[in-house]
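Values quoted throughout were computed directly from the atomic coordinates according to the rules given, and no laboratory measurement underlies them. Because the structure is predicted, anything quoted here is derived from the model rather than measured. Using ideal geometry, Cβ is built from the backbone for each residue, glycine included, and neighbour counts are taken over all protein chains shown.
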Amino acid sequence: MKKNRNFLMMVILMAFTQLLNAQTHDGGRETAKMFKKTVKKEVGFNYLVYLPENYSKTEKFPLIMFLHGSGERGDSLALVKKNGLPKIAEEMNLPFIVVSPQCPAEKWWDAEALKYLLDDLFKKFSIDQSRVYLTGLSMGGTGTWEMGWKYPEYFAAIAPVCGSGNDLRVCLMKDLPVWAFHGAKDDVIPLHASQEMVDALKECGGDVKFTIYPEADHDAWTETYNNPELYKWFLEHKK
């Protein structure tokens, strides 16, 4: 009986040793595996389109894409007309096609989805792809910075208004002209958010100018979009 117990203990010990050797093979108890899966996602936007009075399919026109702030998210395009370019387009003639998508409620701007929207617009409208511009305010200003460094090849110039961004990525857009705007008394997105992006872009030789409104709070957009110099500046740039 004792011999049987000894034999059984030896078998268990050998099995444990083999298991331990298997676990410590290649210097560790972990083994390398790979997971791979193709994931598809559906993207889409409701958007407003403004066409110049002289728009025709026989001529190519510059395009400005406008990104609104967080307060205009939802499923009513009337909200998008509250501020910025869609509001301006209701009041004055502009020499651009202006496209203003609406971000769904509780979401943030998706740069990849906006790129797909641009690709679709190029097919639907008579757009001069060497004169595509981007601007946005607040959440849209942040989206403008992100689109700028992710897809700089799409744009001739961008104008982020009271936004923030990733200053570690901004050098990816060092060849893209930028005019940034911010209110000095902004208590929603502090001035330093734009300042850090502008400084980082200057350090890598970027083409950037920065306008600070000394008395403005978060509303840096009213003065910006009412300024004809912004639209002249856009048209001075071409890829």
So who's got an amide H within less than 5 Å of the one on S126, skipping anything under 5 residues away but keeping other chains? H placed 1.01 Å off N, in plane. none
Grab the other residues whose beta carbon is less than 12 angstrom from that of G71, score K and R as +1, D and E as -1, and report the net. 0
Could you tell me the distance between the Cα centroids of the stretch 156-212 and the stretch 69-136, to the nearest Å? 20
With no solvent and one point per C-alpha, what does the Debye sum give as log10 I(q)/I(0) for the stretch 48-92 at q = 0.17, 0.22, 0.26 Å⁻¹? -0.55, -0.81, -0.99
Can you give the extra length, in nm with one decimal, that the chain gains between E59 and K238 once fully stretched, where that is 0.36 nm per residue apart less the Cα-Cα distance? 62.8 nm
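Just subtract the alpha-carbon distance of K107 and F210 from 0.36 nm times their residue separation and send over the number in nm, one decimal.
34.2 nm
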Set K60/K107; K41/K150; K41/K82 screened for pairs whose C-alpha atoms are more than 23 Å apart: K60/K107; K41/K82
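Per-residue ellipticity at 222 nm for the chain, helices alone: DSSP H runs ≥ 4 residues times -39500 (n - 2.57), over residue total, nearest 500 deg cm²/dmol?
Estimated from H runs of four or more residues: -10500 deg cm²/dmol.
State whether the stretch 198-239 is rounded, prolate or oblate according to the following rule on the C-alpha gyration tensor (a ≥ b ≥ c being the square roots of its eigenvalues): a/c under 1.5 gives rounded; otherwise a/b larger than b/c gives prolate, and the remaining case gives oblate.
Cα axes put the stretch 198-239 in the oblate bin.
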Amide H to amide H, which residues 5 or more places from Y213 or on other chains are under 5 Å from it, using H placed in the peptide plane? H182, G183, A184
Could you work out the pair-distance distribution P(r) of the chain from its alpha-carbon pairs, with 5 angstrom bin width and percents rounded to whole numbers? 1, 6, 12, 16, 16, 13, 7, 4, 3, 2, 2, 3, 3, 3, 3, 2, 2, 1, 1, 0, 0
Placing +1 at every Lys and Arg Cβ and -1 at every Asp and Glu Cβ, with all other atoms neutral, what dipole size does the chain have around its Cα centre, in debye to the nearest 20? 1840
